[in-house]
Amino acid sequence: MCRLLFVKSKTELDINYHLEKFADVCKSSKEFQGHGWGCSYLNADDNWEHYKNINPIWEDDFSKFNFTNRLIVHARSAFEDKDIFIENNMPFYDDEFVFIFNGELRGVKINAEGRIGAEKIFNFIKRFHNYDMKKAIEKGIDIILKRSNYIRAMNIIIADKNNAYVSSLFNEDSEYFQMSYKQTDEELIICSQNYIGENDWIKINNKSLEVF
């Protein structure tokens, strides 16, 4: 039951600013979000760079980060406080896609590689990718729904260098699990909740899949 953030901008965005805002969101969450964190961002050569830290995001020093036009961040709340290793921190990624997840599934019966459930979901969805990630997510989620005893929530953001694929699904606690976004002419921000003190955000519909 983690926290998610995605930001993209037509111009350079300040990574530090958004990490500080996101850290405030995580620190004030009703669920403990301190089991490590990670981020991925595009560098000046338009290549993904990745960073992970096992400590809470609000304890880290963000001065190491500069500017980007694409940022994806995950703060972890480990299920039952188990498997707290940096290798289990998101984002998970390959050469093309970056993946973050928030949710809780019970009795899932899928065959996919991965250290934890979220990584298995990422690898399972990629199995259906044939140059159309939206269709891959739709097919993967449809099968997971049929092969799970219960899904409390399953929120997914998959990003490439152009798009963010945002899937929202929850069956309880909408105040906690419903994601929101804020968009201006220059910048798009998607987060597990509004930045603290801000109200001009739009809720993302439950049981939806949108491409930003």
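Rule-based calculations on the coordinates, nothing more; no lab input. Because the structure is predicted, anything quoted here is derived from the model rather than measured. Cβ: placed from backbone, ideal geometry, glycine included. Neighbour counts: every protein chain shown.
Quick rundown of the values:
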item: Förster radius 22 Å - calculated FRET efficiency between Asn163 and Asn205, Cβ distance, rounded to 0.05; result: 0.75
item: Chymotrypsin sites (Phe, Trp or Tyr not before Pro) restricted to region 71-121 and DSSP loop, no more than 15 other C-beta within 10 Å; result: Phe85
item: Cα gyration tensor category, rounded, prolate or oblate, for region 141-212 with a/c compared to 1.5; result: oblate
item: Additional length obtainable on full extension of the chain from Asp94 to Asn171, 0.36 nm per residue less Cα span; result: 24.7 nm
item: Proximal aspartates and glutamates to Lys135, defined as alpha-carbon separation beneath 20 angstrom and excluding residues fewer than eight positions away on the same chain; result: Asp94, Asp95, Glu96, Glu119, Asp160, Glu210
item: Descending Cα extents along the principal axes, the chain, whole Å; result: 43, 37, 33
item: Electrostatic dipole magnitude of region 99-168 [Cβ: Lys, Arg +1; Asp, Glu -1; Cα centre; debye, to 20]; result: 200
item: Within a Gaussian network of the chain (alpha carbon springs, distance under 10 Å), most fluctuating of Ile158, Ile84, Ile196; result: Ile196
item: Net charge of neighbours whose Cβ lies under 13 Å from the Cβ of Val108, counting Lys and Arg as +1 and Asp and Glu as -1; result: +4
item: Sequence-separation-based contact order of the chain, relative, with Cα cut under 8 Å and 6+ spacing, percent; result: 22
item: Charge sum, other residues only, whose C-beta stays under 12 Å from Ile204's C-beta, Lys/Arg counted +1 and Asp/Glu -1; result: +2
item: Amide hydrogen neighbours beyond the local backbone of Leu13, cut-off 5 Å, H modeled; result: Thr68, Asn69
item: Extension gain (nm, one decimal) between Asn43 and Phe85, 0.36 nm per residue minus Cα-Cα; result: 12.5 nm
item: Estimated distance in nm for a label pair at Asn55 and Ser28, the labels positioned 7 Å out from Cα along Cα-to-Cβ; result: 2.3
item: Positive-pole candidate from Phe79, Ile157, Phe99, dipole of the chain, charges at beta carbon; result: Phe79
item: Size of electric dipole in the chain: Cβ of Lys, Arg +1 and of Asp, Glu -1, about Cα centre, debye, nearest 20; result: 940
item: Solvent-free Debye scattering, log10 I(q)/I(0), computed from the Cα coordinates of region 92-212 at q = 0.10, 0.17, 0.20, 0.21 Å⁻¹; result: -0.30, -0.87, -1.17, -1.27
item: Neighbour-limited loop hits for chymotrypsin sites (Phe, Trp or Tyr not before Pro), region 1-71 (at most 16 other Cβ within 10 Å; DSSP other than H, G, I, E, B); result: Phe32
item: Cα-projected label distance for Glu138 with Asp14, points at 7 Å along beta-carbon direction, nm; result: 4.1
item: Highest-first arrangement of 70-77, 143-150, where packing means the average Cβ count within 10 Å; result: 70-77, 143-150
